[in-house]
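Read the structure below first, then the notes.
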Amino acid sequence: MGKRTAEKADSEKGLFADAQSLKQSSLRCGTRFVGAAEEPRQVAGSSPSSNAQSLKQSSLRCGTRFVGVAEGARSSRMRCLAALCIAAVLVFSLAGLSGCSGAESSSTTSSSAAATADLESSAFEEVAAAFDVSALDLDYSKRDLDASYDDASATRITLSGSSASVDGSGAAVDGSTVTISSEGTYIISGELSSGQIVVDASDDAKVQLVLAGATVHNEDGPAIYAKNADKCFVTLADGTQNSLSDGSDYTLEDDSDEPYATLFCRCDLTINGTGVLNVTANYRHGICSKDDLVVTDGTLNVTAVEDCLRGRDCVKIADGSFRLVAGGDGIKSNKDTEATQGFVSITGGAFSINAGDDAAQAKTYIGITGGTFSVTSADDAFHSDLQMAIAGGGFTVSAGDDAFHAETELAVDGGTIDVTSCCEGLEAEKVYVNGGDTSIVASDDAVNSSAADLSDSSDDDEDANDSGAPGEGGIAVNGETPGKGGPAAGGSPADGGSFQGGVQGGARSGQVPQGSTQGQGEGQAQNGTPQGEAAQGDAPRGDQGGMQGEGGPSQEAGSQGDAPQGGAPQDAGNRGGAPGAGSSDCLIQINGGTLVLDSAGDAIDSNGSVEITGGTVLVNGPSNDGDGAFDYDSEATVSGGTVLMVGSSRMAQSFSSGTQPFLSTTNVSGSAGDTVAIVDANGNVIASITATKQFGMVLASSPKFTEGGEYTLVIDGVLTNADAHGYTDSGTVSGGSSISATASTTPSSSVGGMGSGPGAVGVAR
């Protein structure tokens, strides 16, 4: 036994016993070594690195990141193991295990590294290809929901200082450790100032721990540790306060990386009952299950240096009250080897989450159908490496990066969403808005469609990486600051069906609208500049993949040919390419609901196509001329719904076509606080908005428009019946300045594609 502050890899055991073990270690180093603490995997077809240098680098990872050390080996033993690993692997490399000579090694390092990356990505690609939401187990068992217990037959455990007493069978006390070895119900009360509750029962045992005014602190490990059982139920007795806490260092058995949470279960864990559970995790995670984590009721107050609630296979929450303060993620499921696992499903509850990384993160799927959420996150508020569906609930979100980010598909089917600050609001390869009431204030794009990243780059599929290796972030752990890696991602094509637990809403085919082609280089000439061709002096631009400069995109107007104030984008040269270089897989489809957007970057930005078939879309786009209220690479169609966008004029785009008439013009000028109203010939307001910043373009569409109909744009008038956003479709307007515009199902000559400049009044051709 030895005290340490970071996990060790399972594969350290007997690492140098023989040549075969070394060879296998090298294989793991070259494939999934970094993230294979729980279930080390060797990808089929993998091989040792092809030269001594690459093997050396892999061995270095063995001695640092693989053992779960954030910044390097933290003990002399680790450094010795790393050195031995390097030396041994080099010997075997020279002996011909790699199959390459020294002369060959210098030329193959890069290719070997690339092959390793490909192997890592392919593993999750297979999961992504097999993923099917309908196959997920989103239900709760009767016992999950039933917090009752038989008081008379239960075994009672009374905690007292550094010891405890047992009244009944199935449990024993050894010093300050209480061990439960049999299936049954155990009522726990009192205070254990320095000790542990251990569940070590048979593989088929179901053990119920009833916390009835229990306080447990363990300085050297978990307060509650379920080593073995089929399922562990933690029931919070009605009207009771219960507390679990740990120290900053754990004493772990040799060759073990577990446990690593204040309440740690190696089996399924269900928390139910109406009592209160306070968890203070000073070592790493708060509540963790290596299998399913299910919460059906109770009040959970969790503060953790890393993640608060963590279920490797899944996290399912039916109800309860949650206050989560996390240095890492608030809620997380990280299983990346099974297409039916690694998901988070929430159907109810009240959540207050303050996270140093993501508020909620899942490897495959996040589904939310109810609950209320107050979220502050340093990274994404809600992040899924594959799909996400929001079908209900109320959200108030402030995110350091994206508010809702799924790599492949994101569907908003219902709920009330208020994003007060974020980089990007809704982001996925395919974004569907089918219902709900959504308001977003974004420092970059409010709604963004960009190609899914299938690289498994987070290295967070296994629990070895949770000790501060890349993928974690936020606060120092054991005196060292965790590194932070990019989110892993994966994806699968849209299947045309609705997300389970959500509402089928509108078309969900995932197909590019007819007539659009990937890599479309030419578009319809608008304002003298073909769509898809930058005007002179303008840098070609597509999707804005990240914040600009140090503090996000500038809100100041830039001169022609100049980069927007605030510096070049961090991802300059990788922003979607020139217009027409988008992806046919990218789609933003709005079928219903209300969408109110205020962006400093592009408000609606697709690297492919945009389809609007219904709903109400109100947009305050950027005031700077480097972005626009509406941005797409392939085509944008409108067949229903009410649309009213205002923003900068220089990058303005209109719809490419539609079955519902639309109008657009850059012959306008307005300031923050000005109202913009579209008025018919009878003086009735069809749609309106109050501008939040300076603007020079207007784009509008409505079911009330007629082909070739003449309409009046009234700027800075006085509206009646308008809501907080200045919107009404039935009021009147008085005063202000007026210009006319014509609605048509074909684009006007005044608003072009990328790089277009200001034009004349929008008159349909």
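The values are calculated or read from the model by the stated rules, or taken from the named source; none is laboratory data. Bear in mind the structure is a predicted one, so any value in this text is a computation, not a measurement. Cβ: placed from backbone, ideal geometry, glycine included. Neighbour counts: every protein chain shown.
If you go through segment 423-444 and pick out every residue that is among the hydroxyl-bearing types (Ser, Thr, Tyr) and crowded, with 24+ Cβ neighbours inside 10 Å, you end up with 2.
Scanning segment 369-376 turns up no residue that is in contact with a Lys or Arg (Cβ under 6 Å, 6 or more places away or on another chain) and over 19 Å from Val279 (Cβ atoms). Could you go through segment 367-380 and let me know if any residue there is of a type in the set (Gly, Ala, Ser), closer than 15 Å to Lys316 by Cβ and in contact (Cβ under 8 Å) with a residue 40 or more places away in the chain. Scanning segment 367-380, I find at least one residue that is of a type in the set (Gly, Ala, Ser), closer than 15 Å to Lys316 by Cβ and in contact (Cβ under 8 Å) with a residue 40 or more places away in the chain, so the answer is yes. Yes or no: Ala152 more than 25 Å from Ser243 (Cβ to Cβ), among the hydrophobic types (A, V, I, L, M, F, W, C) and in contact with a Ser or Thr (Cβ under 7 Å, 6 or more places away or on another chain)? Judged against the criteria, Ala152 is not a match. Considering only segment 377-426, state which residues are in contact with a Lys or Arg (Cβ under 8 Å, 6 or more places away or on another chain) and among the β-branched types (Val, Ile, Thr). Thr408 - this is the single residue of segment 377-426 that is in contact with a Lys or Arg (Cβ under 8 Å, 6 or more places away or on another chain) and among the β-branched types (Val, Ile, Thr). Identify all residues within segment 636-653 that are part of a loop (DSSP other than H, G, I, E, B) and at pLDDT below 95; write none if there are none. Passing the criteria: Ser648, Ser649, Arg650, Met651, Ala652, Gln653. If the condition is being in a strand (DSSP E or B) and surrounded by fewer than 24 Cβ atoms within 10 Å (Cβ to Cβ), then segment 581-610 contributes Thr594, Val596, Asp598. Applying the criterion of being within 17 Å of Leu269 (Cβ to Cβ) and of a type in the set (D, E, K, R) to the residues of segment 324-357, the residue that is surrounded by the fewest Cβ atoms within 10 Å (Cβ to Cβ) is Lys335. Given the structure, is Asp204 closer than 24 Å to Tyr250 by Cα and assigned by TED's automatic domain parsing to the domain that holds Thr340? So Asp204 fails the test. Which number in (1) assigned to a loop (DSSP other than H, G, I, E, B); (2) crowded, with 24+ Cβ neighbours inside 10 Å; (3) at pLDDT 50 or above marks the one condition that Asp453 misses? Status for Asp453: all satisfied but (2). Considering Val276, Val302, Val294, which residue is farther than 17 Å from Ala147 by Cβ and out of contact with any Pro (no Cβ under 8 Å at 6 or more places or on another chain)? Of Val276, Val302, Val294, the one residue that is farther than 17 Å from Ala147 by Cβ and out of contact with any Pro (no Cβ under 8 Å at 6 or more places or on another chain) is Val302. Checking the stated criteria, Asn667 turns out to be touching a Gly at 6+ places or on another chain (Cβ under 8 Å) and part of a loop (DSSP other than H, G, I, E, B).
Of everything listed in (1) touching a residue at least 40 places away in the same chain (Cβ under 8 Å); (2) more than 18 Å from Asp307 (Cβ to Cβ); (3) not small (Gly, Ala, Ser), the single unmet condition for Arg266 is (2).
What residue, of Thr270, Thr274, Thr296, is surrounded by fewer than 22 Cβ atoms within 10 Å (Cβ to Cβ) and assigned by TED's automatic domain parsing to the domain that holds Leu211? Going through Thr270, Thr274, Thr296 in turn, just one is surrounded by fewer than 22 Cβ atoms within 10 Å (Cβ to Cβ) and assigned by TED's automatic domain parsing to the domain that holds Leu211: Thr274. Cβ separations smaller than 6 Å between residues 6+ apart or across chains give the following pairs from segment 699-726 residues that are in a loop (DSSP other than H, G, I, E, B) to residues that are of a type in the set (Asp, Glu): Asp716/Asp674.
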